[in-house]
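Take a look at the structure set out below.
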Amino acid sequence: MKFHVSLFVIISIILGIKLEGCRCKVVQFIFGDSLSDVGNNKYLSKSLAQASLPWYGIDLGNGLPNGRFSNGRTVADIIGDSMGLPRPPAFLDPSLTEDVILENGVNYASGGGGILNETGSYFIQRFSLYKQIELFQGTQELIRSRIGKDEAEKIFQEARYVVALGSNDFINNYLMPVYSDSWNYNDETFVDYLMGTLREQLKQLHGLGARQLMVFGLGPMGCIPLQRVLSTSGECQDRTNKLAIRFNKGGSKLIDELEKQLPNSSFRFGDAYDVVNDVISNPNKYGFQNSDSPCCSFGNIRPALTCIPASKLCKDRSKYVFWDEYHPSDRANELIAKELIKKFGFITVHQTNPPSPSPTLAPSSNH
Ligand SMILES: *[C@@H]1O[C@H](CO)[C@@H](O)[C@H](O)[C@H]1NC(C)=O
Ligand SMILES: *[C@@H]1O[C@H](CO)[C@@H](O)[C@H](O)[C@H]1NC(C)=O
């Protein structure tokens, strides 16, 4: 019986018959920080977290800055591509209309944003996760008024959701003595505070219709170049890495609990901590040559907080794990995405559309 049901579903999909009269396409809604931002901060003119200048985006499309904090694709880009889903445009993209949303979804991710409202406040402007959810509610209103409540509900229940935040809650909050969270909590209670907040946020998203949701865990963030320069020896910050491990443990448990508790939910948690840690310790094994400094840097002036037009680029961007002080390169993101896909263990949309071709890499410029 089960066989017949799935055969029916597959045939329906192949023939393009939409189930239950829903004329909708499966799209993604992405909530995140700079690791998933595809241009929101570019339009937040006062934000100090910007990827709007060269050499950001050099290996994607036309090679001009597109708001991604990398030379190429984000992890969410690569995972979405592998599921055959369109890449959602940034919420603040001026060309975003109801039709674009129905075809592509929306990406609310914002550089500097965190699970906590107070995270990243020194970037002046960024969307925290609560703010992103608020914006998503606005999107829902828009779609409802366009196609009606019932059809809209189906779309939002069919959609795929990505939630990928957390590193800024440490790097740009808890680990900085200017933030009160650094005095009010210890390593254990702070992660509990994050998990309690994330629990409410994910429940809220479920209440808004999210059923199929992936949460990305954290990598060894104590090994980002920005953390390494904190010690004279350039070692990874052990305490920061332990916080990431604690976050991942808590996140994995939280998602399992929520999946049991929330009706019809298919929630997955995945992190690439171990793989990235191995890449950092044994870069050659994975075809990298450098795993401790940014490909884009401003001479010996470190840390250079962002990559800027006056920065120098490494000779071969595919040999560097890190693109800038915070963010992995396109090739590292590909490795992370592969690991997450394995962990999530579902690529359910794959059959409906042929996988999108990899973006064409711009020919290497003379930098
Ligand atoms: C966080 O910010 C949202 C608005 O984006 C607000 O509604 C909410 O009350 C804030 N939560 C806390 C705990 O400050
Ligand atoms: C769960 O799925 C069933 C069957 O599709 C549906 O009848 C029910 O309303 C759903 N519940 C929620 C909370 O989505």
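All of the numbers you see were taken from the coordinates with simple rules; none came from a lab. Quantities reported herein were computed from a predicted structural model and do not represent experimental measurements. FYI the Cβ positions are ideal-geometry reconstructions off the backbone, even for glycines, and counts take in every protein chain you see.
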If the chain between GLU118 and ARG199 were fully extended at 0.36 nm per residue, the gain over the current Cα-Cα distance would be 27.4 nm
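Convex hull over the Cα atoms of the range 237-313, averaged projected area in nm²?
Average projection, Cα convex hull of the range 237-313: 7.9 nm².
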Over the Cα atoms of the range 140-242, Rg to Rh with Kirkwood Rh, two decimal places?
1.15
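Ratio of alpha-carbon Rg to the 2.2 N^0.38 Å globular estimate for the range 198-275, to two decimals, please.
1.36
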Assertion target for HIS327, HIS206, ordered by fewest C-beta neighbours within 10 angstrom first, is HIS206, HIS327
Can you tell me the convex hull volume per residue for the range 276-338, based on C-alpha atoms, in Å³ to the nearest whole number?
82 Å³
Using the basic label-point model (7 angstrom from Cα toward the beta carbon), what is the SER231 to GLN137 distance in nanometres?
4.4 nm
Relative compactness, the range 12-140, computed as alpha-carbon Rg over 2.2 N^0.38 Å
1.11
In a GNM of the chain with a 10 Å cut-off on Cα contacts, which of GLY270, GLY67, GLY345 has the highest mean-square fluctuation?
GLY345
Using modelled backbone amide H atoms (1.01 Å from N, in-plane), which distant-in-sequence or interchain residues come within less than 5 Å of GLN50's amide H?
none
Pairs LYS315/LYS342; LYS154/LYS343; LYS46/LYS315; LYS42/LYS149; LYS42/LYS242; LYS249/LYS315: which are spaced more than 29 Å apart, C-alpha to C-alpha?
LYS315/LYS342; LYS46/LYS315; LYS42/LYS149; LYS42/LYS242; LYS249/LYS315
Antiparallel content of DSSP bridges confined to the chain, in %, to 5
15 percent
Between LYS46 and LYS285, how high is the FRET efficiency from 1/(1 + (r/R0)^6) when r is the Cβ-Cβ distance and R₀ = 51 Å? Nearest 0.05.
0.75
With N set to the number of residues, divide the alpha-carbon radius of gyration of the chain by 2.2 N^0.38 Å and report two decimals.
0.97
Under 17 Å from LYS338, Cα to Cα: lysines that are on another chain or at least 8 residues apart
LYS285
Rounded to the nearest 10 degrees, what's the angle between the helix 149-158 long axis and the longest principal axis of the chain, both from Cα atoms, 0 to 90?
50 degrees
Helix-only [θ]222 nm of the chain, DSSP H runs n ≥ 4, -39500 (n - 2.57) each, per residue, nearest 500:
-11500 deg cm²/dmol
Expressed as an acute angle from 0 to 90° and rounded to the nearest 10, what is the orientation of the C-alpha long axis of helix 2-15 relative to the principal long axis of the chain?
80 degrees
Out of ASP292, ASP274, ASP324, a Gaussian network model of the chain with alpha-carbon springs under 10 Å gives the largest mean-square fluctuation to ASP274
